[in-house]
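After the C-alpha cells below, expect a handful of questions from me.
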Amino acid sequence: MTKKIYKFDPSIEMEKQIREQIFHAIQGPIVKEILKKISQTEEDLYWRNLMEGSSMKVEKDLLPDFYELCQEVKTKLGVTEKVDFYITGNSEVNAFSVASDNKKEPSIVNINSALFNLMTTEELKFVIGHELGHLINKDSSLMKLTSFVFPGGSKIPISLNYKIILHSQLAELVADRYGYLACEDLGVCVSAFYKMSSGLDLVKMNVSIDTLIADNSKRLDYFLSEQGLSRESHPVNPIRVQALNLYANSTNKEDLNKGMDELTSILLRIGSGEISKHIANFIASAGIMAASANENITDEEIEEIIDNLSYHTMFPQKYLDEIVKGNVLETCNEAIINIERLDPSLKESMLNYVIDIVMSDSSIDQKEIDFVYEIGNALKFSELQIAQIIANEIQAKFIPSIYDIC
C-alpha cells in the first residue's frame with residue numbers, strides 16, 4: 001500500500017515496535033516465505049468465496065454513488081493497490097478488511113448493511129478510511145501469520161498474547177487516524193464511534209457532538225485513574241476519541257506524543273488496582289534472589305521469573321532489569337508488607353512461587369532452601385509450615401534433571 005505524507009504521520013511508533021516483536025517471535029520471515037509458495041491460502045479462498053457468494057460487490061454500474069465514494073477515499077489516502085469493496089446484509093454495525101496474500105488478487109473491504117442505516121456520507125468515509133488504514137498498515141497480514149502459527153489461538157504464550165492484544169489496539173488507533181484523514185472532521189469521527197458502539201441514530205436522539213466529547217472526557221478520567229482496563233482487541237471509545245482529538249488538534253509532535261503516552265499507559269496496564277504492582281515487584285525481586293541464592297543463576301530460573309511476570313506487566317524482561325538495578329532486598333520486603341496489607345491470602349502462593357524458582361532448573365541447593373525459609377519467615381509462616389509447603393511442592397512438581405539421571 002502507498003502512503004501519502006501528512007502533517008503528522010498516521011503511524012504510531014509503539015505499534016511498529018510491537019508489530020516487529022510479534023513478527024520475529026512467530027518466526028515471521030520464515031513463515032512468510034513458506035506461505036508465499038502457496039499461490040492462494042485457504043483463508044484467502046474462504047473470504048473470496050464468502051464475499052462473491054453472499055455479498056454485493058460494489059461495482060461502478062451497480063452501485064455508482066458508493067463506488068465513487070470508495071474510490072474517492074482510496075485516492076485521498078494514496079492507495080494504489082486493487083481493493084474490492086463489498087456490502088453484506090448484516091444487522092451488526094461493523095466493517096472489516098482482509099489483505100490478500102496473492103498480489104494478483106485484490107484485498108477486501110466489507111461494509112455491513114446496518115452501517116448504511118446509521119451513517120452519513122461523511123461518516124462512511126471515516127469507516128472506509130479506517131478499513132483501508134488497516135490494509136495500508138498491513139495489520140491483517142500480521143494477523144494471518146499469527147493465526148497460521150497458532151491456529152484457533154492455541155498455545156500462545158501469555159506474554160505474546162498480551163503483545164498481540166496491545167498491537168491490535170494500537171493498530172486500531174492508527175486505522176482511526178486514516179479514517180480521520182479520509183473525512184478530516186473530528187466531529188464526524190466521534191459520531192461514527194458512538195453510532196457503532198450504541199447502534200443509535202444520534203440525530204434522532206438529539207445528541208450533540210459537544211455533549212459526546214464532554215461525556216468522553218468524564219469516561220476517560222475513569223481509565224486514567226488506574227481503575228479501568230482496556231483488554232479487548234479494540235480500545236475503549238474514551239481512548240479512541242481522545243487519541244483522534246490529539247491527532248487532529250496537536251500543534252506539534254511533542255504534544256501529540258506526550259498525550260499519546262498517557263493514553264497508551266492504559267493499554268499497557270495488565271493488572272488491576274494497587275496490589276498488581278506489588279505482586280510484580282515481589283515476583284521480580286524474590287525471584288532474582290532465589291535464583292542467585294546459590295550464586296549460579298540459570299536460564300531456566302530466569303525464564304520462570306519472566307513467565308510469572310508476564311501475567312502482571314507487558315514488558316517482563318525490562319521490568320526485571322529495572323528491579324535488578326535497584327535495591328532488590330528492599331523492594332522484596334516492601335512488596336511483602338504491602339501484599340500482606342492488601343491481601344494476606346496470597347502468602348502461600350508467594351512462597352510456592354519462590355520454591356518453583358528454586359526447582360525450575362531441576363536442582364535444589366541447600367542455599368536455595370535456606371532462602372526459601374527466609375522468605376517463609378518474612379511471610380510469617382512457622383518452620384513446620386514452610387517445610388510442609390516445600391514438601392508439597394517437591395511432591396507435586398519436582399522432576400530430576402536428565403543429566404542427574406544419566
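The values are calculated or read from the model by the stated rules, or taken from the named source; none is laboratory data. Keep in mind that this is a model prediction, so the values were computed, not measured. Positions of Cβ are backbone-derived with ideal geometry, glycine not excepted, and every protein chain shown enters the neighbour counts. Surface accessibility is based on the protein's heavy atoms, side chains included, excluding ligands, DNA and RNA. Shrake-Rupley method; radii C 1.70, N 1.55, O 1.52, S 1.80 Å.
Could you tell me whether region 41-128 comes out rounded, prolate or oblate from its Cα gyration tensor? Rule is a ≥ b ≥ c as square roots of the eigenvalues, rounded for a/c under 1.5, then prolate if a/b exceeds b/c, otherwise oblate.
Working: a/c = 1.75, a/b = 1.22, b/c = 1.43.
Oblate, because a/c is 1.5 or more while a/b does not exceed b/c.
Counting only other residues whose beta carbon sits under 13 Å from that of N237, what net charge do I get with K and R as +1, D and E as -1?
Taking every other residue near N237 into account, the sum is 0.
Which order do V207, V79 take by accessible area at a 1.4 Å probe, largest first? Write down the numbers at each step before the final one.
Details: V207 55, V79 10 Å².
Final ranking, largest accessible area leading: V207, V79.
Please compute the per residue accessible area over region 1-119 with all protein chains in place, 1.4 Å probe, rounded to a whole number of Å².
I get 59 Å² per residue for region 1-119.
Label region 167-254 by shape, choosing from rounded, prolate and oblate, from the square roots a ≥ b ≥ c of the eigenvalues of the Cα gyration tensor; if a/c is under 1.5 it is rounded, and otherwise prolate applies when a/b is larger than b/c, oblate when it is not.
Because its axes are fairly even, with a/c under 1.5, region 167-254 counts as rounded.
Provide the gained length on full extension for the span D343 to K16, in nm with one decimal, where the gain is 0.36 nm per separating residue minus the Cα-Cα distance.
The D343-K16 span can extend by a further 113.9 nm.
Select from region 361-406 those trypsin sites (Lys or Arg not before Pro) which occupy a DSSP coil region and have at most 11 other Cβ atoms within 10 Å, ordered by residue number.
Here the trypsin sites (Lys or Arg not before Pro) that fit, given the DSSP loop and packing criteria, are K380.
Also, quick follow-up: Please label the shape of region 267-391 as rounded, prolate or oblate, based on the square roots a ≥ b ≥ c of the eigenvalues of the alpha-carbon gyration tensor (a/c under 1.5 means rounded; beyond that, a/b larger than b/c means prolate, else oblate).
In terms of gyration-tensor shape, oblate.
Using per-residue counts of other Cβ atoms within 10 Å, averaged over each peptide, order 133-139, 249-255, 175-181 from highest down.
Values: 133-139: 23.0, 249-255: 11.0, 175-181: 25.0.
Answer by packing, highest mean first, reads 175-181, 133-139, 249-255.
Mind scanning K144/K347; K36/K57; K155/K218; K60/K104; K155/K347; K163/K253 and naming the pairs with a C-alpha gap bigger than 32 Å?
Check vs 32 Å cut-off fails for K144/K347; K155/K218.
With every protein chain present, what is the per residue accessible area of region 171-213 (1.4 Å probe, Å²)?
41
Right, another one. Give me the net charge of P157's neighbourhood, meaning all other residues with Cβ under 12 Å from the Cβ of P157; Lys, Arg count +1, Asp, Glu -1.
Residues close to P157 contribute a combined charge of 0.
Which percent of the accessible heavy-atom area of the chain goes to carbon and sulfur, probe 1.4 angstrom?
For the chain, the apolar C and S fraction of the accessible surface comes to 52 percent.
Compute, for M56, the solvent-accessible surface of its heavy atoms (probe 1.4 Å) with the complete set of protein chains present, and express it in square angstrom to the nearest 10.
90
Of [x] 24.3; [y] 21.4; [z] 23.5, which one was derived for Kirkwood radius over Cα pairs in Å from the structure shown?
After the calculation, the listed value that fits is [x].
Between region 362-403 and region 33-79, how far is it from one alpha carbon centroid to the other, in angstrom?
If you average the Cα positions of each part, the centres end up 60 Å apart.
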